[in-house]
Amino acid sequence: MSARFSLRRLGAMIRKEFIQMRRDRLTFAMMLGVPVMQLILFGYAINADPKHLPAAIHAQDHSAFARSFVKGMENSDYFRFVATAESEAEADELIRSGKVQFVLHIPPQFSRDIERGLRPQILLDADATDPAATGNAAASIQFLAASVLARDLKGPLAAQGAPSPVDVVIHRRYNAEGRTELNIVPGLIGVILTMTMIIFTALAMTRETERGTMENLLTMPVRPIEVMMGKILPYIIIGYVQTAVVLAAAWWLFEVPFAGSLGLLAFVLFFFVAANLAVGFTFSTLARNQLQAVQMTIFFFLPSILLSGFMFPFRGMPEWAQWLGEALPLTHFLRITRGILLKENGFPEIAPDLAAILAFLLVVSLVSLNRYRQTLD
Amino acid sequence: MNPALAIDVRGLTKSFGGTKVVDGLDMQVARGEIYGFLGPNGSGKTTTIRLICGLLTPDGGEGSCLGHDVRSESEAIKRETGYMTQRFSLYEDLSIRENLEFVASIYGIAKPKHAVKETLEKLNLADRSHQLAGNLSGGWKQRLALAAAIMHKPKLLLLDEPTAGVDPKARREFWDEIHVLAAEGLTVLVSTHYMDEAERCHKICYLAYGKLLARGTVDEVIEQSGLRALKASPTLEDVFVHLMRDVTDNFARRKAG
Ligand SMILES: Nc1ncnc2c1ncn2[C@@H]1O[C@H](COP(=O)(O)OP(=O)(O)OP(=O)(O)O)[C@@H](O)[C@H]1O
Ligand SMILES: [Mg+2]
């Protein structure tokens with residue numbers, strides 16, 4: 001009986017799939033083009049270093065120190081003072097309405113405290129809704145504090161190696177995590193893989209149904225698991241190629257550094273890609289035509305990018321949304337890639353998220369094998 | 001179970017959405033026979049063929065195909081049967097050779113390269129083996145589909161309207177091929193709408209609304225119809241038109257009553 005799994009039949013399925021992939025130029029170009037295109041689109045957003053951002057000042061001290069601090073900020077090119085707030089409430093209103101991106105609060109007795117060496121606090125309120133937009137500007141002010149004021153200081157306070165005469169506190173609003181641009185590249189790998197992997201398998205199977213080749217496949221003694229694996233394995237390879245392309249381009253074009261182990265990332269990648277392919281395969285057993293397959297993919301893809309922590313900070317979401325997010329493989333993959341690439345996480349740290357991906361893969365595979373019909377009923 | 005029969009089904013029934021598409025069908029096909037399967041569009045020919053090879057599960061009835069139960073042993077049936085579907089179902093974006101190599105590996109044929117080469121030569125496809133299936137004309141497509149269906153040396157060949165849209169010369173060659181295969185011991189069940197093809201079958205049956213209305217050799221079918229009493233030398237076509245008039249009347253009466 002052919003009830004046993006046959007490597008030969010699987011090999012035939014895979015070979016056929018690769019030939020078809022090669023013949024379908026457009027799809028093939030998309031597989032490699034989409035990652036590069038997305039990276040460049042997002043990449044320039046990453047690299048964007050916006051200058052002359054509108055700022056307001058709420059000064060409760062009008063000393064020379066305060067003035068040179070403001071002057072220094074303007075000279076840095078990052079800030080452009082467009083408004084003056086007379087009160088906290090007014091300052092709040094300016095930032096909430098989006099008229100300004102920053103409010104600089106200078107406390108009363110600012111200059112007196114500096115002269116006494118008390119390191120007064122300067123508060124910079126930042127609208128960090130778009131962290132990429134505020135990141136560099138906010139970072140620059142830390143340097144300013146030391147360099148600008150040093151010119152005005154005399155005596156021991158100006159000495160080399162003395163602590164910064166003021167304490168700059170940045171208050172990031174609306175985006176507590178203040179994610180850096182580096183967050184985007186690891187996330188992008190997951191997002192690109194989710195989209196391309198699901199759509200290609202979903203289409204690969206529905207194409208067989210739509211073109212009538214499914215009937216021929218069913219008349220031959222091939223097992224469901226062989227068909228499924230034959231459809232999935234070629235795309236796992238494509239997934240690796242896409243990841244390599246994104247990583248290489250990120251490193252080469254945008255000089256994104258990679259801290260952690262690429263081997264560990266490659267290991268996790270296998271299961272994450274397989275999980276997405278299994279989703280695509282399941283969709284293809286449900287969809288009647290390629291259009292439906294595409295619709296189902298979008299239906300899965302949107303929550304994936306919205307609830308996984310790619311678009312919005314995961315912890316900023318309401319609890320029910322976090323629960324939904326936990327059920328998505330992308331959420332766990334993002335944690336893993338960010339952990340590996342940015343925080344040098346090792347296996348023990350990523351194990352819980354990897355377990356979640358494995359559980360997802362198992363459940364979806366069972367569902368899809370269950371759905372796959374060996375008859376036309 | 002009669003071992004001399006390649007196909008032996010009784011009382012086969014299949015419904016789609018409450019409509020009986022195959023209705024209590026009995027069919028016996030002896031080994032080595034070319035059996036013609038006739039009937040108007042939508043009469044249930046394709047459905048019957050799918051029931052026989054285990055691609056559909058019958059709602060009622062039972063039967064065996066090559067000695068294997070049609071309900072429970074479809075795996076075994078699939079391995080010994082070649083099925084040429086009504087709609088071309090090979091990969092249009094694969095070449096003739098690639099398609100055949102794929103089929104050969106799926107059936108687990110011992111020397112796939114050799115088997116492909118042999119089949120290509122047998123069906124005169126060797127010269128075009130690098131052409132994509134999607135670029136072939138109707139006649140060559142059918143030839144390729146036949147090649148794919150016989151490569152694993154099946155005992156039973158199911159051909160569902162194999163010559164639809166094929167020119168007369170290619171049609172004749174195709175049928176010559178089928179006779180060669182039958183002479184080698186293959187059983188062939190072939191559905192068709194062409195009367196000249198029906199006449200090249202050893203036996204035929206006629207299906208309408210899922211029921212078998214006539215069966216036997218061409219002569220027997222004409223004889224049974226009783227048309228000889230009404231008309232000098234009636235043709236098969238006359239018989240089928242006559243049969244259909246009866247059924248359609250019956251159907252109308254049943255609906256009205
Ligand atoms: N999967 C299905 N779901 C619903 N109805 C179906 C299905 N397959 C076939 N039918 C219906 O069953 C009837 C018989 O179809 P079948 O394809 O067996 O006829 P046929 O004799 O092969 O016709 P033709 O000569 O046009 O090929 C038709 O009315 C068809 O619409
Ligand atoms: Mg048909």
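The values are calculated or read from the model by the stated rules, or taken from the named source; none is laboratory data. Quick caveat, the model's predicted, so the values are computed rather than measured. Cβ: placed from backbone, ideal geometry, glycine included. Neighbour counts: every protein chain shown. Areas reflect the complete protein model, heavy atoms only, side chains present, ligands, DNA and RNA absent. Shrake-Rupley method; radii C 1.70, N 1.55, O 1.52, S 1.80 Å.
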Calculated FRET efficiency, A:ARG371 and B:ARG87, Cβ-Cβ r, R0 22 Å, to nearest 0.05?
-> 0.40
The range B:5-216, dipole about Cα centre (Lys/Arg Cβ +1, Asp/Glu Cβ -1), debye to the nearest 20 | 40 debye
With runs of 4+ DSSP H residues as the only contributors, calculate the mean residue ellipticity of chain A at 222 nm using -39,500 (n - 2.57) per run, divided by the residue total and rounded to the nearest 500.
-> -22000 deg cm²/dmol
Rounded to whole angstrom, the alpha-carbon centroid of the range B:1-57 lies from that of the range A:226-254 at a distance of 47 Å
Using the Cα centre as the reference, give the magnitude of the dipole from point charges on the C-beta atoms of the protein assembly as shown (Lys, Arg: +1; Asp, Glu: -1; all else neutral), rounded to the nearest 20 debye.
-> 960 debye
Full extension from A:LEU7 to A:ARG116: what is 0.36 nm times the residue separation minus their Cα-Cα distance, to one decimal in nm?
-> 31.2 nm
For the range A:180-371, give the magnitude of the charge dipole about the Cα centre (Cβ charges: +1 Lys/Arg, -1 Asp/Glu; no others), in debye to the nearest 20.
-> 320 debye
Over chain A, relative contact order from alpha-carbon pairs under 8 Å, at least 6 apart, % = 18 percent
Using the charge dipole of the range A:5-96 (Lys, Arg: +1 at Cβ; Asp, Glu: -1 at Cβ; taken about the Cα centre), state which of A:LEU7, A:THR27, A:HIS52 has its Cα farthest towards the positive end.
-> A:LEU7
Rel. contact order, % - alpha carbon contacts under 8 angstrom, at least six apart, chain B = 24 percent
Report the equivalent ellipsoid semi-axes for the range A:274-360 in whole Å, largest first, defined as the square roots of five times the eigenvalues of the gyration tensor built from alpha carbon atoms.
-> 26, 16, 10
Interface A-B: total buried accessible area (1.4 Å probe, Å², nearest 100) of 2900 Å²
In the structure shown, do any of B:LYS111/B:LYS155; A:LYS231/B:LYS111; A:LYS16/B:LYS117; B:LYS20/B:LYS153; B:LYS14/B:LYS211; B:LYS14/B:LYS45 have a Cα-Cα gap over 23 Å, and if so which?
-> A:LYS231/B:LYS111; B:LYS20/B:LYS153
Among B:VAL21, B:GLY39, B:SER95 the positive-end extreme of the charge dipole of the range B:1-151 (Cβ point charges) = B:SER95
Between A:PHE28 and A:TYR240, the two model label points (7 Å from Cα along the beta-carbon direction) sit apart by a distance in nm of 1.9 nm
Does the protein assembly as shown classify as rounded, prolate or oblate by the C-alpha gyration tensor (a ≥ b ≥ c root eigenvalues; a/c under 1.5 gives rounded; else a/b over b/c gives prolate, otherwise oblate)?
-> prolate
Solvent exposure of the range B:1-140 as accessible area per residue, Å², 1.4 Å probe | 40 Å²
Remind me, relative contact order of the range A:180-371 in percent, using alpha carbon pairs under 8 angstrom and six or more residues apart?
-> 34 percent
Would you mind getting me the FRET efficiency between A:TRP251 and A:GLN322? Use the beta-carbon distance for r and R0 = 22 Å, nearest 0.05.
-> 0.10
Mind giving me the FRET efficiency for A:ALA64 and A:ALA146? R0 is 22 Å, r the Cβ-Cβ distance, nearest 0.05 is fine.
-> 0.80
Between the alpha-carbon centers of the range B:181-257 and the range A:59-83, tell me the distance in whole angstrom.
-> 99 Å
Which value, in nm² and rounded to one decimal, describes the direction-averaged projected area of the C-alpha convex hull of the range A:180-371?
-> 11.2 nm²
Mark the label point 7 Å from the Cα of B:ASN124 along Cα→Cβ and return the residues of the range B:157-179 whose backbone N is within less than 20 Å of it.
-> B:162-179
Using a basic spin-label model with each label point 7 Å from the Cα along Cα→Cβ, how many nm lie between A:GLU86 and B:GLN224?
-> 10.6 nm
Chain A, Gaussian network, Cα under 10 Å: of A:LEU41, A:LEU330, A:LEU342, the residue fluctuating most is A:LEU41
Express the C-alpha Rg of chain B as a ratio against the empirical globular expectation 2.2 N^0.38 Å, rounded to two decimals.
-> 1.05
With every protein chain left in place, what is the accessible area of A:PHE272 in Å² (1.4 Å probe, nearest 10)?
-> 0 Å²
What longest range of chain A stays clear of loop-exposed trypsin sites (Lys or Arg not before Pro) (DSSP non-H/G/I/E/B, at most 15 other C-beta within 10 angstrom)?
-> A:155-287
Listed by chain and number, the aspartates and glutamates with an alpha carbon less than 18 angstrom from that of B:LYS113, same-chain partners under 8 positions apart left out, are B:GLU98, B:GLU101, B:GLU121, B:ASP127
Sticking with the crude label model, points 7 Å out along Cα→Cβ, report the distance from B:GLU75 to B:ARG172 in nm, one decimal please.
-> 4.7 nm
With all protein chains present, how much of the accessible area of chain A (probe radius 1.4 Å) comes from carbon and sulfur, to the nearest whole percent?
-> 62 percent
Measuring from the longest principal axis of the C-alpha atoms of chain A, the long axis of helix A:262-286 (C-alpha) lies at a number of degrees, nearest 10, equal to 60 degrees
